Every structure is written in structure tokens, then in C-alpha cells.
């Protein structure tokens, strides 16, 4: 809850690993706190994960900047609705890395983002088709 309040992008998995408590219990406890305290915590936005992924993948600032622009455009077109923030951020990071030539593999990004390569591929396809990018794989 503190991470979300401070707009610090952390997954349940990361909290579980840091606290030596299983992910299911962390999620259950989080929901209990929100309910008992009757407190609204804003959901994490995909853009909050971009910087984190860029740092962990040691990508240049230009990649991060382009990924933020991709997400902003996707949000305007309502392509992010109903999508997991980590998956959409991972796909935007992947597209930005391809566009800048600082290519990272889907697997590398998937491991950092803790999503599957299939998730990245699916979000990638949606974004590329709807945003009309010309990328060469």
C-alpha cells in the first residue's frame, strides 16, 4: 500500500520476495487493509514501470522517452484499458528498443517485467497494428 501511495511501481511478486511471504498472502493482506481502512489507492499506471524496466535493462534515455510516448498515444486511443500495466509497459519498452536499435529480446524484457513472452507479443501486436508502426524484426 505504501509503494502505491508513493507511486513506486512494485508487483505483488516483488513484495512477496522481499518479505518472504507468498504472493497469495500478500494480495489477501493488501485487500484486507484497503477494505478495513476504507482507503482508495490509485492503481499503478503502465508509465510508472517504464523507468524501472529501462534502468534494470540498462537502456538509454532515448528508449525510455520513446516508450513513454508510445504509452501516451496508446492511452489516448484507449489501448491500455483492461490490460495489465506491466504487460503494456513491457511491450512499449520492447517496441522502443527495436525502434532505437538498442534491441532487447522479448525474453529479457519478460524476465524483468515478470510477464510471459506471449503477453509481450500480444501487446506488441496490438500496439504496432493500432499505432501503425513500421518495424523490422
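For the pair residue 41 and residue 25 in one chain, pulling the backbone fully straight at 0.36 nm per residue adds 3.9 nm over the alpha carbon distance. With r as the distance between the Cβ atoms of residue 125 and residue 17 and R0 = 30 Å, compute the FRET efficiency 1/(1 + (r/R0)^6) and round to 0.05. Approximately 0.50, to the nearest 0.05.
Between helix 117-131 and the chain there is an angle of about 60 degrees, using the helix long axis and the longest principal axis of the Cα atoms. Across region 1-109, C-alpha contacts under 8 Å between residues 6 or more apart give a mean separation that, scaled by the residue count, equals a relative contact order of 24 percent. Springs between Cα atoms under 10 Å define the GNM used for the chain, and in it the highest mean-square fluctuation of 122, 22, 55 occurs at 22. For helix 46-56, what angle does its Cα long axis make with the longest principal axis of the chain, in degrees from 0 to 90 and rounded to 10? With rounding to tens, the tilt is 80 degrees.
Taking the C-alpha atoms only, the angle from helix 61-76 to the longest principal axis of the chain is near 80 degrees. Given a 10 angstrom Cα cut-off, can you work out which residue in 93, 47, 81 is the most mobile in a GNM of the chain? Sorting by GNM fluctuation, first place goes to 81.
Each label point is 7 Å from the Cα along the Cα-to-Cβ direction; what then is the distance between the points at residue 56 and residue 5, in nm? Going by the 7 Å Cα→Cβ label model, 2.4 nm.
Determine the shape class of region 4-65: with a ≥ b ≥ c the square roots of the Cα gyration tensor eigenvalues, call it rounded for a/c under 1.5, and otherwise prolate if a/b is greater than b/c, oblate otherwise. Cα axes put region 4-65 in the oblate bin. When Rg and Dmax are taken over the Cα atoms of the chain, they come to 15.7, 51 Å.
Distance from the Cα centroid of region 40-99 to that of region 108-126 is 12 Å (rounded to whole angstrom).
No lab work stands behind these numbers, since they all come straight from the coordinates. Not measured: the values here are computed from a predicted model. All Cβ positions, glycine included, derive from the backbone under ideal geometry; neighbour counts span all protein chains shown.
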